[in-house]
Amino acid sequence: YDLISFDADAIPELVAGVNGYFMSLYAFSDGTVHTLMDRWPYGAMGNAGYAYCPGKNSLKNENSDFAGAILYTTYLTSGSGHALEEVAQIQTYQFDDANQNGVPDENEQDSIGRYSVSYLDGRRITEEERASYDAGKYVYLEGRLDAEELKAELNR
(Lines give C-alpha, C1' and ligand atoms only; values in the text may rest on other atoms or scores of the structure.)
Protein backbone atom coordinates (compact mmCIF):
# COMPACT_ATOMS: atom_id res chain seq x y z
CA TYR A 1 0.00 0.00 0.00
CA ASP A 2 0.90 3.64 -0.28
CA LEU A 3 -0.78 7.01 0.06
CA ILE A 4 0.18 9.43 -2.69
CA SER A 5 -0.69 12.88 -3.96
CA PHE A 6 -1.83 12.10 -7.51
CA ASP A 7 -3.87 15.25 -8.04
CA ALA A 8 -3.73 18.73 -6.54
CA ASP A 9 -6.32 18.31 -3.77
CA ALA A 10 -5.42 17.66 -0.12
CA ILE A 11 -6.89 14.14 -0.08
CA PRO A 12 -4.32 11.39 -0.73
CA GLU A 13 -4.97 8.58 -3.18
CA LEU A 14 -4.53 4.93 -2.19
CA VAL A 15 -2.17 2.64 -4.07
CA ALA A 16 -2.62 -1.11 -3.54
CA GLY A 17 -1.13 -4.08 -5.31
CA VAL A 18 1.70 -6.54 -5.57
CA ASN A 19 4.93 -4.83 -6.64
CA GLY A 20 6.13 -6.19 -9.97
CA TYR A 21 2.77 -7.77 -10.82
CA PHE A 22 -0.18 -5.36 -10.64
CA MET A 23 -1.29 -2.02 -9.21
CA SER A 24 -4.61 -0.48 -8.24
CA LEU A 25 -5.25 3.20 -7.58
CA TYR A 26 -8.20 4.66 -5.67
CA ALA A 27 -9.32 8.27 -5.18
CA PHE A 28 -11.78 9.66 -2.62
CA SER A 29 -14.08 12.51 -3.62
CA ASP A 30 -17.47 13.77 -2.42
CA GLY A 31 -17.83 10.89 0.04
CA THR A 32 -17.17 8.20 -2.57
CA VAL A 33 -14.18 6.00 -3.35
CA HIS A 34 -13.43 5.93 -7.09
CA THR A 35 -11.40 3.18 -8.73
CA LEU A 36 -8.89 4.72 -11.14
CA MET A 37 -6.90 1.51 -11.74
CA ASP A 38 -8.07 -2.01 -10.92
CA ARG A 39 -5.25 -4.57 -10.84
CA TRP A 40 -3.45 -3.19 -13.88
CA PRO A 41 -0.70 -5.70 -14.70
CA TYR A 42 2.94 -4.89 -15.34
CA GLY A 43 6.40 -6.34 -14.90
CA ALA A 44 6.43 -8.52 -18.00
CA MET A 45 6.27 -8.15 -21.77
CA GLY A 46 8.15 -4.83 -21.72
CA ASN A 47 5.85 -3.03 -19.25
CA ALA A 48 8.00 -1.43 -16.54
CA GLY A 49 5.05 -0.14 -14.51
CA TYR A 50 3.02 3.00 -13.92
CA ALA A 51 4.44 6.32 -12.81
CA TYR A 52 2.70 9.47 -11.62
CA CYS A 53 3.76 13.09 -11.39
CA PRO A 54 2.94 14.16 -7.80
CA GLY A 55 0.13 16.70 -7.61
CA LYS A 56 -0.18 17.01 -11.42
CA ASN A 57 -2.98 14.48 -12.21
CA SER A 58 -0.69 12.76 -14.71
CA LEU A 59 0.02 9.05 -15.03
CA LYS A 60 2.57 7.63 -17.46
CA ASN A 61 3.13 4.07 -18.64
CA GLU A 62 6.03 2.96 -20.80
CA ASN A 63 5.78 -0.34 -22.58
CA SER A 64 8.12 -1.75 -25.21
CA ASP A 65 8.26 -4.34 -27.96
CA PHE A 66 11.17 -6.00 -29.74
CA ALA A 67 13.56 -5.69 -26.76
CA GLY A 68 13.02 -1.93 -26.58
CA ALA A 69 13.22 -1.17 -30.31
CA ILE A 70 9.67 0.24 -30.12
CA LEU A 71 8.60 2.23 -27.05
CA TYR A 72 4.96 3.05 -26.32
CA THR A 73 4.50 5.93 -23.87
CA THR A 74 0.93 6.47 -22.71
CA TYR A 75 -0.14 9.52 -20.69
CA LEU A 76 -3.38 9.45 -18.70
CA THR A 77 -5.26 11.85 -16.46
CA SER A 78 -8.25 11.56 -14.14
CA GLY A 79 -11.21 13.34 -15.70
CA SER A 80 -14.43 14.69 -14.27
CA GLY A 81 -15.94 11.19 -14.37
CA HIS A 82 -13.35 9.95 -11.85
CA ALA A 83 -11.79 7.57 -14.37
CA LEU A 84 -8.40 7.61 -16.07
CA GLU A 85 -8.57 8.97 -19.59
CA GLU A 86 -5.86 8.65 -22.23
CA VAL A 87 -4.27 11.97 -23.14
CA ALA A 88 -1.81 10.58 -25.67
CA GLN A 89 -0.02 7.41 -26.72
CA ILE A 90 3.30 8.08 -28.36
CA GLN A 91 5.10 5.38 -30.33
CA THR A 92 8.86 5.81 -30.57
CA TYR A 93 10.71 3.70 -33.10
CA GLN A 94 14.34 3.37 -32.06
CA PHE A 95 15.39 1.92 -35.41
CA ASP A 96 15.10 2.98 -39.04
CA ASP A 97 11.86 1.32 -40.17
CA ALA A 98 12.77 1.70 -43.84
CA ASN A 99 9.87 -0.40 -45.14
CA GLN A 100 7.35 1.13 -42.66
CA ASN A 101 6.03 -2.23 -41.46
CA GLY A 102 6.46 -1.48 -37.74
CA VAL A 103 8.87 -4.36 -37.17
CA PRO A 104 12.68 -4.27 -36.96
CA ASP A 105 13.46 -6.53 -39.90
CA GLU A 106 16.86 -8.20 -40.27
CA ASN A 107 18.21 -5.49 -42.59
CA GLU A 108 17.04 -2.74 -40.13
CA GLN A 109 18.48 -4.21 -36.92
CA ASP A 110 21.84 -2.46 -37.30
CA SER A 111 20.03 0.86 -36.82
CA ILE A 112 18.55 -0.10 -33.41
CA GLY A 113 19.65 2.46 -30.83
CA ARG A 114 21.11 4.81 -33.44
CA TYR A 115 17.82 6.21 -34.68
CA SER A 116 14.70 7.59 -33.03
CA VAL A 117 11.43 8.89 -34.41
CA SER A 118 8.14 9.38 -32.54
CA TYR A 119 4.55 9.24 -33.76
CA LEU A 120 1.28 10.43 -32.24
CA ASP A 121 -1.94 9.23 -33.91
CA GLY A 122 0.13 8.08 -36.89
CA ARG A 123 1.71 11.51 -37.36
CA ARG A 124 5.43 12.08 -36.91
CA ILE A 125 6.10 14.49 -34.02
CA THR A 126 9.11 16.48 -32.88
CA GLU A 127 11.08 15.81 -29.71
CA GLU A 128 9.65 19.04 -28.28
CA GLU A 129 6.08 17.91 -28.94
CA ARG A 130 6.80 14.52 -27.38
CA ALA A 131 8.34 16.18 -24.32
CA SER A 132 5.35 18.53 -23.94
CA TYR A 133 3.27 15.65 -22.54
CA ASP A 134 5.63 15.13 -19.58
CA ALA A 135 4.23 16.90 -16.53
CA GLY A 136 7.52 16.82 -14.58
CA LYS A 137 9.33 14.25 -12.46
CA TYR A 138 7.46 10.92 -12.39
CA VAL A 139 7.53 8.42 -9.52
CA TYR A 140 6.57 4.75 -9.95
CA LEU A 141 3.43 3.56 -8.21
CA GLU A 142 4.42 0.93 -5.70
CA GLY A 143 3.46 -0.34 -2.31
CA ARG A 144 5.72 1.03 0.42
CA LEU A 145 3.55 0.33 3.48
CA ASP A 146 2.20 -2.87 4.97
CA ALA A 147 -1.38 -2.96 6.31
CA GLU A 148 -0.43 -1.85 9.84
CA GLU A 149 1.66 1.06 8.54
CA LEU A 150 -1.21 2.11 6.29
CA LYS A 151 -3.64 2.11 9.23
CA ALA A 152 -1.21 4.23 11.25
CA GLU A 153 -0.94 6.72 8.38
CA LEU A 154 -4.72 6.94 8.05
CA ASN A 155 -5.13 7.51 11.79
CA ARG A 156 -2.67 10.44 11.88
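The values are calculated or read from the model by the stated rules, or taken from the named source; none is laboratory data. All values derive from a computational prediction rather than experimental measurement. All Cβ positions, even for glycine, are placed from backbone atoms using ideal geometry, and neighbour counts span all protein chains on display. The accessibility values were calculated without ligands, DNA or RNA, using every heavy atom of the protein model including side chains. Shrake-Rupley method; radii C 1.70, N 1.55, O 1.52, S 1.80 Å.
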Original post:
What aspartates and glutamates could a cross-link reach from LYS151, if we take a straight Cα to Cα line under 20 Å and drop same-chain neighbours fewer than 8 places away?
Top reply: ASP2, GLU13, GLU142
Original post:
Residues of the chain: accessible area per residue at 1.4 Å, in Å²?
Top reply: 59 Å²
Original post:
How about LYS56: which aspartates and glutamates have a C-alpha closer than 12 Å to its C-alpha, ignoring those fewer than 8 places off in the same chain?
Top reply: ASP7, ASP9, ASP134
**OP:** Would you mind checking the radius of gyration and Dmax of the chain based on alpha-carbon positions, in Å?
**Re:** 18.0, 61
**OP:** Would you mind telling me the share, in percent, of accessible area of segment 1-100 contributed by carbon and sulfur at probe 1.4 angstrom?
**Re:** 51 percent
Subject >> Förster radius 22 Å - calculated FRET efficiency between ASP105 and SER132 (Cβ-Cβ, nearest 0.05) >> reply: 0.10
